[in-house]
Amino acid sequence: MMKNFGDMMKQAASLQKKMEEMQETIAGMEAEGTAGAGLVKVMLNGKGYASKVEINPEMFREDEKEVLEDLITAAINDAKAKLETQSQEQMKSMTDGLPLPPGMKLPF
């Protein structure tokens with residue numbers, strides 16, 4: 001019985017190490033969101049923080065203010081959706097082969 005407990009502890013330590021590696025990998029990811037056929041571009045890092053915003057100069061007109069605000073919002077949401085997809089794919093690839101109960105989702 002102790003052998004099984006020891007094996008469980010080794011698996012738990014291995015799982016914890018994999019989770020830490022996965023979190024580092026996800027934090028290092030970047031995704032670019034675009035809106036308005038590229039008039040606005042936003043780069044988000046894996047933690048969801050914006051690292052860059054590009055706005056086409058033709059959007060700097062007073063009568064385009066609301067459109068620009070909507071495009072920035074849409075570009076951020078586009079980048080966030082791409083990050084979520086990348087994160088899910090990364091987690092799936094890293095958890096393949098781990099002894100997880102069926103239906104268990106990571107992170108916990």
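Please go through the range 81-108 and give me each residue that is in a helix (DSSP H, G or I) and either at pLDDT below 85 or surrounded by fewer than 16 Cβ atoms within 10 Å (Cβ to Cβ) (or both), ordered by number.
Filtering the range 81-108 for residues in a helix (DSSP H, G or I) gives 81-95.
If the condition is that a residue be in a helix (DSSP H, G or I) and either at pLDDT below 85 or surrounded by fewer than 16 Cβ atoms within 10 Å (Cβ to Cβ) (or both), then A81, E84, T85, Q88, E89, Q90, M91, K92, S93, M94, T95 are the ones that fit.
Scanning the range 32-53 for residues that are in contact with a helix residue (DSSP H, G or I) (Cβ under 9 Å, 6 or more places away or on another chain) and modelled with pLDDT of 95 or more returns E32, G33, T34, A35, G36, L39, V40, K41, V42, M43, L44, V53. Scanning the range 31-45 for residues that are closer than 11 Å to A81 by Cα, open to solvent by less than 40 Å² (accessible area, probe 1.4 Å) and not aliphatic (A, V, I, L, M) gives a single hit, G33. Evaluation of M59 against the conditions (1) over 30 Å from T95 (Cα atoms); (2) open to solvent by 30 Å² or more (accessible area, probe 1.4 Å); (3) modelled with pLDDT under 95; (4) not charged (D, E, K, R) shows that the sole unmet condition is (2).
The values are calculated or read from the model by the stated rules, or taken from the named source; none is laboratory data. Every value quoted in this text rests on a predicted model; they were computed, and no experiment measured them. So basically every Cβ, Gly included, is an ideal-geometry build from the backbone, and we count neighbours across all protein chains shown. Protein only, heavy atoms only, side chains kept; ligands, DNA and RNA dropped before computing areas. Shrake-Rupley method; radii C 1.70, N 1.55, O 1.52, S 1.80 Å.
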